Structure formats: C-alpha cells, structure tokens
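Working notes, beginning with the structure itself.
The values are calculated or read from the model by the stated rules, or taken from the named source; none is laboratory data. Here the structure is a predicted model, which is why all the values come from computation and not from measurement. Virtual Cβ from ideal backbone geometry, glycine too; neighbours counted across all protein chains shown.
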2 protein chains.
Amino acid sequence: MGQAQLAAVPEPKYWHLRTVLLRTIDTEFSTGQVIPNERELSARFGVARATLRQALDQLELEGRLVRRRGIGTLIAAPRVGVPVSSSEEGWPSTSRSQAWRIVDCTSAPASPQLATALGVPAGETVHTVRRLRLAQGLIVATESLHVPDSAVPHLPALPQLVGSTEGERARSVLRQLERVGVDGESRSVELGVAEADQAVLLERPPGTPVLVVTTQYAAAGRKVAVAVCTYRADTCKLTFGESGGVEVSPVTAVRSA
Amino acid sequence: MGQAQLAAVPEPKYWHLRTVLLRTIDTEFSTGQVIPNERELSARFGVARATLRQALDQLELEGRLVRRRGIGTLIAAPRVGVPVSSSEEGWPSTSRSQAWRIVDCTSAPASPQLATALGVPAGETVHTVRRLRLAQGLIVATESLHVPDSAVPHLPALPQLVGSTEGERARSVLRQLERVGVDGESRSVELGVAEADQAVLLERPPGTPVLVVTTQYAAAGRKVAVAVCTYRADTCKLTFGESGGVEVSPVTAVRSA
DNA sequence: AAGTGGTCTAGACCACGAT
DNA sequence: TCGTGGTCTAGACCACTTT
C-alpha cells in the first residue's frame, strides 16, 4: 500500500484516511485478500490506532471490508443480491428452493404490539416460525413469521402436536399458510442493529447493522401473517421488482460516477 | 444492571450501557428531549467518555438519538415512513406533490458504469437531474436521475437551452420522461454512507449512514432511466406495496416483542 | 507463543451554537 | 465566553486464531 499523505484540511483525518484506503483497496487489492494489520497501518499513516479504526469502521459499514478477530482485515466480496420481491421468494414454500432453514417454532399469546400488527385481539394464540435465509450457501437473514391461530384454522391443535419436533410443527404452520393463500402484502425497510439473539443466528457480533424488512401479508382483506426479516447489511443488497435474483447490471457502481 | 450470568463471554460494557440507556429513554424521556451530556453520563456510569460514546453511536445508528454539536443529544422522533412503491411516488410528476425539490441538471457523456446500467454505448449524452425529496417538511433523500439522451428524443437540443435556468432544463427532462411513460421498474436497496456532496444536501456530516435505493425504469422493453436515491437511514423507513404513505400499524414495535 | 482485531482508559484540543 | 458533541492521542489489556 501507499505511504502517508494526510492533508491539513478541515476534513477529519479519519475521513480522509477512508478515502485513501478506499482508493487503495479498489486499485491494489481483490476480494478475500488481507490488508496490513491495524498497528502497521496506523504507524504507516502516522495516526493513532483509534483513528485508523474509525476509517476502517466506515469501510466495514459500506461492506467493503470484513474484520475477523485473530485473523485480520479482508477485502469483502461484493454484496449478494437478495430478492425480496413477490410472495414467491419469501413465502413458506417448504418444497422448492433450499433458501430457508427452519430454526424453531413456538406458539404463545400475542403481545399487544404483535396483536395490533396482526389485527387480532391481544392474547390470541400466535404461531411464530423462526427461519434462516441462505444465499449462495451463506446465512444472510433471520426471519420471524407470526401467524395468528385464527388464520390457520386447519392447523392440528397443540395437544395433538406433542411429540412432534419443532421442525414438523413449523412445517405444518407453513403448509396451512400456503393453503390460505395471499392476495396482498405491504413492506417496509429500515436500518437496525442486531440484538444478541439475532446476532447469534447471523453469526455476527451484537450491534451489527442490519436491514429490517417487515412484511404484512393479507388474504381476503384481512391480515394473515407478519414477517420480520433481518438481513445482514454488510453482505446483502435487497432487490425488488421483476428482475429477481441476480442483478441485471452492476448498478452499484453508478454511485461513484 | 449488575447481573450474575454464567456468560462465558462477558458482554462488552458499551453494549450493556446501550441496553440500559435504551430502557431509560423508552421509559423516562420523550421525543425532542435532551439527555444529560456525555461527560456527565460517562461519570455517572463510571466509564470513559469514549465508551459511553460507543453506546450512543449504536443508539444513533438505530435512529433513537440525534446528536447536535453545540446543543446536546436529543431523543429522536420515530422514523418517517417514506413510500418507495409504485412509479407514481418517485416519478417526475412536476405537478402534484411538493415532495421533490430540484437541485440542478447537467448533461454529460456517460461514464462506462453508467452506460452499462442504462444499456447505452459509453460516451452517449446522459441528462442528470438532481433532486431532494421532502417528507413532512424535512429533507429525507437526494436523487440523481440519469436519462440517456436517446430516451427523450423530443427534448430541446442543448444549444437551444442556453439561457434557460437549470430548473427549467430539469423540468423539460422530467416532462419528456413523463411523455415516454414507464412500464416496468426494478429496484435494489442497500446500506451506504453519505459522501461529501450527498452529505451537504442531506444536511448531515460525511459518513452518515444512508439507504441507497437504485431504480431502473423501463419503457417498451428498454431502459429509459436509472435513479439513485439516497435516503437518510436515521430518519427514514422505506415503505413498499399497496399501503402508501403512513404505515397502517406500528409494526416496528414487533421487533422488541 | 505470537499475532490479530476488540475493548477501554484518561486525558487533550477543536468546531459549533447559544449567551 | 461557555457548554456541547467531534476528533485525536498513546497507551493498556482482552479474546480469538493460528503456529
């Protein structure tokens, strides 16, 4: 990598450093390579390690770097395009794509907030299926799918499910939901950070930035499910619309134009 | 606060601090209030100011706090729901909603990346309209709308536009684009940080986290425009689907359930 | 054991907004 | 001028991975 060159301008050091590093990794490094360690870089640029780390923090937030404790700092792979478009992608089709992996399934009375979101009376039984979403073999998201009991009337009663595994119970919920069908969905996307439990599932430390996608599913004019899907912001680019799956063109690059 | 857990991995101080602060601001503060300053808080919790700031950084990333230099740290207002759904919302209807404010308009040969994204030969003239998006009187996003010259054949030639203001030129581009119509769009959303120019427009410091929405518009099977829209991640929740505008229910709260 | 990133400290000074 | 958050320093120790 290049050598120290810091302008004495109103621009903060860490921001200038980020710019220099960004240009360097764009021109002299490729995906998967490890860059020099933090102590060496801070010495080379003549700044404190904390300042250098501030620059690396930015680049990590942008998904350009990945830092692994005990290993080093690596050039990140380009973000994976993850389709979040029509029902077909995220919907509980247990068959087809292996893109989802069931974690567990619980049934409990709805909290007030959840009841409101689902449009059911507080306290009604709600089945919650937790799943992991995979893309290209990597975990990219966790999902909590909440289904009020009244939306899946043909679900076997709880007592009959004693002895069945969580996976089986989860699959029955999904199957029943499929039978109901969906004729509408509304969605929101916002930035969040992973709490402890999410962080474990995503194999990331707590506080990891995530894109929280909340989807409300409707059938015959009433809400039948709410899904809260938590995507790793560092590795995911959410895609919507007709062009499912892989991106048609590297539009991301337009940003720097 | 003090817990005797068997955690083989001790929770970092800043993360525990975040949890405590989050509970405090949820129960004892309301939107717009200023919380005690950093020096006092760090003293009160018996940690270094840098550690306290690490906790505040998290809460700011989550959109729960707003820090203003010279003023203090305030409880943030809930995120504003911004419709990014059908063409109607984001589309250049110069009339109707006052939700967009034109910044400038330039015409230049397409960079290679931009040409690829638009599906035109590199070097073709591309008109770029920059706009601000407002919601509830606040700036929530900037947009760069790229339109290849070949997609708007009836646009007055450049020489004829000499003397016209940028605003007028921008409006003619938008008008022509409206005439062409749109029959398809594909979109992606990812996390980014605001560069210097974007930061100025968004009235935020460089490095501010943003949600980058890239939209490709098509008409008659060919791409007619690409829009790169940069939303302030701290204040925006992007909404898709039928329920435009305000959210139907406080689904966000489900996260903590 | 050695090397990496992660956390934490106790200071210092600067830029900004209000007074 | 004063109080605020923003930046920066020079260390220290810890947790993790590899050798």
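Looking only at the range B:45-61, how many residues end up being more than 10 Å from chain A (Cβ to nearest Cβ) and either more than 16 Å from B:Glu11 (Cα to Cα) or more than 11 Å from DNA strand D (Cβ to nearest atom) (or both)?
Qualifying residue count for the region: 8.
Would you check if A:Ser186 is surrounded by fewer than 17 Cβ atoms within 10 Å (Cβ to Cβ) and of a type in the set (S, T, N, Q)?
no
One residue is enough: does the range B:181-200 have a residue meeting the conditions more than 8 Å from chain A (Cβ to nearest Cβ) and touching a Cys at 6+ places or on another chain (Cβ under 9 Å)?
no
I'm trying to understand the selection: among the residues of the range B:202-217, which are within 14 Å of another protein chain (Cβ to nearest Cβ) and not β-branched (Val, Ile, Thr)?
Listed by number, the residues that qualify are B:Arg204, B:Pro205, B:Pro206, B:Gly207, B:Pro209, B:Leu211, B:Gln216, B:Tyr217.
Check off (1) within 16 Å of DNA strand C (Cβ to nearest atom); (2) modelled with pLDDT under 95 for B:Ser86 and give me the number that stays unchecked.
(1)
For A:Pro78, indicate whether it is within 12 Å of another protein chain (Cβ to nearest Cβ), away from DNA strand C (no atom under 16 Å from the Cβ), modelled with pLDDT of 90 or more and loosely packed, with under 13 Cβ neighbours inside 10 Å.
Against the criterion (within 12 Å of another protein chain (Cβ to nearest Cβ), away from DNA strand C (no atom under 16 Å from the Cβ), modelled with pLDDT of 90 or more and loosely packed, with under 13 Cβ neighbours inside 10 Å), A:Pro78 does not qualify.
Going through B:Leu191, B:Leu211 one at a time, which residue ends up being closer than 26 Å to B:Leu174 by Cβ, at pLDDT 95 or above and crowded, with 23+ Cβ neighbours inside 10 Å?
B:Leu211
Within the range B:10-57, work out how many residues are among the hydrophobic types (A, V, I, L, M, F, W, C), in contact with a Gly (Cβ under 8 Å, 6 or more places away or on another chain) and within 12 Å of DNA strand C (Cβ to nearest atom).
Within the range B:10-57, residues that are among the hydrophobic types (A, V, I, L, M, F, W, C), in contact with a Gly (Cβ under 8 Å, 6 or more places away or on another chain) and within 12 Å of DNA strand C (Cβ to nearest atom) number 2.
Within the range A:17-36, track down each residue that is within 16 Å of DNA strand D (Cβ to nearest atom), surrounded by 13 or more Cβ atoms within 10 Å (Cβ to Cβ) and polar (S, T, N, Q).
Across the range A:17-36, the qualifying residue is only A:Thr19.
In this structure, does A:Gly241 turn out to be under 27 Å from B:Val80 (Cβ atoms), surrounded by fewer than 23 Cβ atoms within 10 Å (Cβ to Cβ) and at pLDDT 90 or above?
no
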